[in-house]
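Each remark here refers to the structure printed beneath this line.
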Ligand SMILES: NC(=O)c1ccc[n+]([C@@H]2O[C@H](COP(=O)([O-])OP(=O)(O)OC[C@H]3O[C@@H](n4cnc5c(N)ncnc54)[C@H](O)[C@@H]3O)[C@@H](O)[C@H]2O)c1
């Protein structure tokens, strides 16, 4: 198959990393045919590093150039939906960076535009390629775990120091980023959560804003979730703890799964707890437990490049996508629901999520948001850190 001609919108940390990886041959099915950035210094950097790739000042000019079949949108989150909608209108396929957007209302519009356009819409949920989470999902779908009772994910190793928050004017304010740890670092885990366990029906959450950093958005979150089938979940994240933890614990009928340090440990019950409960006649005791290490494979390409190749194949040959763009709304709804609950002190109902009310609440935050006074712009190669 011919390589997919891809344009890159935004030549910052992520956009430049994508270009570097593709040009280095780490994606097999993609070629970068245009770049655009609204900042002169970033356009200059692109021209110096990639002299053969045309560089544009605006997304609109790149869209009109006829050089690309598809674009990847790698600009700050608020603009993902509007730039995607314009690209669909220009007849282009789109893959957007995470998160899908900042609030569900704008992402619903993007999904509608994608649907109407008939173009291929993907999202850069590169962590779906992590063999550990793919394996857990497979085990759940195969019924190996039985009913899931409780899931706890402590993901506090997203440490970001003040220099990070100050590295671009748009970072970590309500007006320019629209949130903190939930909207920037956690979209991957919130997507994986719904990808593995499905969508909760309601969420209550508690969070602190600027507890560890000089920022106005959240840097510490604890959320409790309930599911229609009785499963409960606790999700804890912070950008202010070091070294922090990334530990996912799943209590299920067949035992306990612990995911830590990229390994899956299964404390497997010989018989399911529910069966033991029904059949045990002696007080006390537990099912016999087998301590198992579940083998997981490894990737031969960087995660982001797997997603790009998979997306290119979907465009060219109509194959299924690992990360369809329309699924971006799910993780974002969980994220918005956590904010909604913290803003109002009420449960967030995800089955009837109040998209308009959430947008109004966020708009209030945006109105009183203050520009940062400590910005020291830095662009760095992010490969391997997300
Ligand atoms: N998938 C991942 O692992 C991953 C990792 C890092 C960042 N991201 C996502 O990528 C996006 C960008 O993050 P970043 O760290 O690269 O930010 P960044 O600030 O380093 O880069 C953004 C670039 O976009 C440019 N830009 C802004 N508006 C534009 C527009 N309308 N048209 C063209 N260019 C425009 C800016 O000038 C800047 O150079 C964010 O949404 C972030 O969440 C994803």
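The values are calculated or read from the model by the stated rules, or taken from the named source; none is laboratory data. All of these numbers come straight from a predicted model, not from anything done at the bench. Note that each Cβ is placed from the backbone with ideal geometry, even for glycine, and that neighbours are counted across all protein chains shown.
Taking the stated definitions as given, is residue 310 at negative phi, buried (at least 18 other Cβ atoms within 10 Å of the Cβ) and either modelled with pLDDT of 95 or more or not in a strand (DSSP E or B) (or both)?
Yes; evaluated as a whole, the condition is true for this residue.
What number goes with the only condition from (1) surrounded by 11 or more Cβ atoms within 10 Å (Cβ to Cβ); (2) assigned by TED's automatic domain parsing to the domain that holds residue 180; (3) touching a strand residue (DSSP E or B) at 6+ places or on another chain (Cβ under 8 Å) that residue 288 does not pass?
Here residue 288 clears every test but (1).
Just to confirm my filter: which helices (runs of 4 or more DSSP H) fall fully inside region 75-161 and include at least 3 residues that are buried (at least 22 other Cβ atoms within 10 Å of the Cβ) and within 13 Å of the ligand (Cβ to nearest atom)?
Here the list reads 80-89.
Name the residues in region 333-352 that are outside any helix (DSSP H, G or I), in contact with a helix residue (DSSP H, G or I) (Cβ under 7 Å, 6 or more places away or on another chain) and surrounded by fewer than 22 Cβ atoms within 10 Å (Cβ to Cβ), would you?
Within region 333-352, 347, 350 meet the criteria.
Specify the residue that is surrounded by the most Cβ atoms within 10 Å (Cβ to Cβ); the eligible residues are those in region 16-50 that are touching a residue at least 60 places away in the same chain (Cβ under 8 Å) and part of a helix (DSSP H, G or I). I'd like the intermediate steps shown before the answer.
Filtering region 16-50 for residues touching a residue at least 60 places away in the same chain (Cβ under 8 Å) gives 16-18, 20-22, 26-30, 42, 45.
Now narrow it down to the ones that are part of a helix (DSSP H, G or I): 16-18, 20-22, 42, 45.
Numbers: 16: 25, 17: 22, 18: 29, 20: 15, 21: 20, 22: 24, 42: 19, 45: 18.
Checked region 16-50; the qualifying residue surrounded by the most Cβ atoms within 10 Å (Cβ to Cβ) is 18.
Going through region 223-262 one residue at a time, which ones are farther than 23 Å from residue 345 by Cα and over 21 Å from the mean Cα position of the chain (by Cα)?
If the condition is that a residue be farther than 23 Å from residue 345 by Cα and over 21 Å from the mean Cα position of the chain (by Cα), then 229, 242, 243, 251, 252, 253, 254, 255, 256, 257, 258 are the ones that fit.
I'm trying to understand the selection: among the residues of region 51-74, which are assigned to a loop (DSSP other than H, G, I, E, B) and either under 21 Å from residue 312 (Cβ atoms) or not assigned by TED's automatic domain parsing to the domain that holds residue 111 (or both)?
52, 53, 54, 65, 66, 67, 68, 69, 74
Could you tell me which residue of region 295-307 is surrounded by the most Cβ atoms within 10 Å (Cβ to Cβ), considering only residues that are under 11 Å from residue 131 (Cα atoms) and touching a residue at least 40 places away in the same chain (Cβ under 8 Å)?
By that ranking, first place goes to 303.
What are the residues in region 66-91 that are farther than 17 Å from residue 124 by Cα and in contact (Cβ under 8 Å) with a residue 40 or more places away in the chain, if any?
If the condition is that a residue be farther than 17 Å from residue 124 by Cα and in contact (Cβ under 8 Å) with a residue 40 or more places away in the chain, then 67, 68, 69 are the ones that fit.
Within region 367-386, work out how many residues are more than 10 Å from the ligand (Cβ to nearest atom), part of a loop (DSSP other than H, G, I, E, B) and at pLDDT 80 or above.
Here the count works out to 9.
Looking at 25, 12, which is the one that is out of contact with any helix residue (DSSP H, G or I) (no Cβ under 6 Å at 6 or more places or on another chain) and within 11 Å of the ligand (Cβ to nearest atom)?
12
Residues that are within 26 Å of residue 14 (Cα to Cα) and touching a residue at least 12 places away in the same chain (Cβ under 8 Å): does region 262-274 have at least one?
yes
Starting from region 335-357, keep only residues that are over 18 Å from residue 207 (Cβ atoms), then list their pairs with residues that are in a strand (DSSP E or B) whose Cβ atoms are within a distance under 9 Å, requiring at least 6 positions of separation or different chains.
Matching pairs, first to second residue: 349/202; 349/203; 351/202; 354/348.
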